[in-house]
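Novice: Quick one: structure below, then a few questions.
The values are calculated or read from the model by the stated rules, or taken from the named source; none is laboratory data. As the structure is a computational prediction, the values presented were derived from the model and not from experiment. Here the Cβ positions follow ideal geometry from the backbone for every residue, glycine too, while neighbour counts run over all protein chains shown.
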Amino acid sequence: MAGTMAARSRPGAKAAVALRYDASLPAPMVVATAVGRAAERAVGIALDAGVPVVEDGALAASLLPLEAGELVPREYWEIVAKVLIFIRGLPGSDA
Amino acid sequence: MKSAGADLKSAPGALSNSRAEGTPGTRPAAGAPATARGVPARPATGPAAASVSMPAAASLPPDRIPGLLLSLGLPDDRSSRIALSALMGEALGLDGERLRQVRLAMARPARGGAADGSLAARLAARAIAAGLDPVGAAFERVLGLCSREGSERGDGSAADGSEGRDPGDGRESDGRRDDGRGGQEPGTGQGSAGSGQGRAGAPVALEVPPDRLVAELASVFPAFLSAALSDPDLAAMARPGPSGKGWLHVPFSLSIDGVAFRGFFRILYDRDARKAERLVADIRSGERRRILELEPGRGGPRIRYRCDDALERGRFLGESFPGAVSGGLDAEATVELDGYGGYDGSAE
């Protein structure tokens, strides 16, 4: 038996997470994720196939894997880089 | 906010209750077992001789701390204050049993990276918030990865304690030397963090022209983050707590022109916004430790820099970091109690 949950995980972006579970599995598995139009297609396919669909943005967001690129602004990484370069330039930091 | 567990149960056949305990964003009920890597966990809460539950506190006036600790049956010492700060950093309720669990984690021998056990305290509180055993397998491994020994080798195992220059000196480089690339391509070398599939904290060596160094480094850090997100223990320990927020720990190890850096990032993220709210870099180089903290501010990130060298703090404030403040390391372990005070200098 499988379920698909779909919702807007953030404004303007629809997300879908497909789960599979049966008694032989120790826990439900995330078998597919999709965002945008792919998410809308996935939800349509699930509905056509009679798979339960739950609309819950927070749940979909919690099941979607975090992506490194969207989590931390590049500006932060650039500041970290500048600080490491600052430390490298300190007396005694040249190994 | 509705709990994910409740929603999952409302979807017939979608998920079982057993999954809800391990689902990101959910916590088991008090006393219910949680698991990490299949290891049975002890209940997050349990009977206590003296336990006073308090709601998660946004702030705690300093003059209330001694009385609070006394009422919870705990001594008003530095360990208790670090434990208190760690729980507050997770927006967890302050009760005696949780504080004792965190103190127990701090007391484990030769653990934590920081001499005062603040890393162990924060990880124990993080484990509690994530619904895991505060001193379980995930806690132990992440502690090893983030502490000096673990980040030396990137696998949590014991290291030889070597200091200074990266002995690998590029042998585990991902090919990010001065090849003129934009730094966006995934690495190909063994041990690379650039692929995003490497070991968490696996070392990277950089030798690039100075004018490209910032951009190159800024491209390397997300690869460490990707590696951490792919690590089951780091991911489990990053599960959001009751507040919907979680701290992700990201070990890193790199060298810049032969100068070795190691340590870890602590990244507070909001599950629903999927954005980092705070980034704390715990940076080791040689025997020296620095803490860099970034969070959103008006006009750009707020920058806080901590180290024990007053002269270095002065140099830092002289750099081009608008609005930065600096202070000693001592106050960092109890930063949640101090209201992010304790800074002795400002670039403004």
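Novice: Residues that are at the interface with another protein chain (Cβ under 10 Å from one of its Cβ atoms), closer than 23 Å to B:TYR269 by Cβ and acidic (Asp, Glu): does the range B:311-333 have at least one?
Specialist: No, there is no match, as no residue in the range B:311-333 is at the interface with another protein chain (Cβ under 10 Å from one of its Cβ atoms), closer than 23 Å to B:TYR269 by Cβ and acidic (Asp, Glu).
Novice: Scan the range B:287-303 residue by residue and report those that are outside any strand (DSSP E or B), within 11 Å of chain A (Cβ to nearest Cβ) and farther than 15 Å from A:ARG88 by Cα.
Specialist: Correct list: B:PRO296, B:GLY300, B:PRO301.
Novice: While we're here: Check whether at least one residue in the range A:29-51 is facing chain B (nearest Cβ under 7 Å) and either at pLDDT 70 or above or crowded, with 19+ Cβ neighbours inside 10 Å (or both), and report yes or no.
Specialist: no
Novice: Tell me, please, whether a residue that is under 27 Å from B:ASP77 (Cα atoms), modelled with pLDDT of 90 or more, out of contact with any Lys or Arg (no Cβ under 8 Å at 6 or more places or on another chain) and in a strand (DSSP E or B) can be found in the range B:304-316.
Specialist: Looking through the range B:304-316, at least one residue is under 27 Å from B:ASP77 (Cα atoms), modelled with pLDDT of 90 or more, out of contact with any Lys or Arg (no Cβ under 8 Å at 6 or more places or on another chain) and in a strand (DSSP E or B).
Residue-wise test of (1) surrounded by fewer than 19 Cβ atoms within 10 Å (Cβ to Cβ); (2) closer than 13 Å to A:ALA81 by Cα.
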position	(1), (2)
B:VAL204	no, no
B:PRO210	yes, yes
B:LEU225	no, no
B:SER230	yes, no
B:ALA238	no, no
B:GLY244	yes, no
B:ASP257	yes, no
B:GLY263	no, no
B:ILE267	no, no
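Novice: Also, I was wondering about something else. Only residues in the range B:254-276 that are under 23 Å from B:ARG126 (Cβ atoms) count as the first member; pair them with residues that are of a type in the set (Phe, Trp, Tyr), Cβ under 6 angstrom, at least 6 apart or cross-chain, and list the lot.
Specialist: Note: pairs meeting the criteria are B:ARG266/B:TRP247; B:LEU268/B:TRP247; B:ALA276/B:TYR269.
Novice: Can you tell me which condition B:TRP247 does not meet? The list is (1) in a strand (DSSP E or B); (2) within 7 Å of chain A (Cβ to nearest Cβ); (3) under 30 Å from B:VAL135 (Cβ atoms), and all the others hold.
Specialist: (2)
Novice: Oh, and also: So which residues in the range B:265-277 are facing chain A (nearest Cβ under 10 Å) and assigned to a strand (DSSP E or B)?
Specialist: Passing the criteria: B:PHE265, B:ILE267, B:TYR269, B:ASP270, B:LYS275, B:ALA276.
Novice: Taking the stated definitions as given, is B:ALA236 at the interface with another protein chain (Cβ under 9 Å from one of its Cβ atoms), in contact with a Leu (Cβ under 8 Å, 6 or more places away or on another chain) and not aromatic (Phe, Trp, Tyr)?
Specialist: For B:ALA236, the condition - at the interface with another protein chain (Cβ under 9 Å from one of its Cβ atoms), in contact with a Leu (Cβ under 8 Å, 6 or more places away or on another chain) and not aromatic (Phe, Trp, Tyr) - is not met.
Novice: Surrounded by fewer than 20 Cβ atoms within 10 Å (Cβ to Cβ), assigned to a strand (DSSP E or B), at pLDDT 75 or above and more than 9 Å from every other protein chain (Cβ to nearest Cβ): does that describe A:ALA16?
Specialist: No; evaluated as a whole, the condition is false for this residue.
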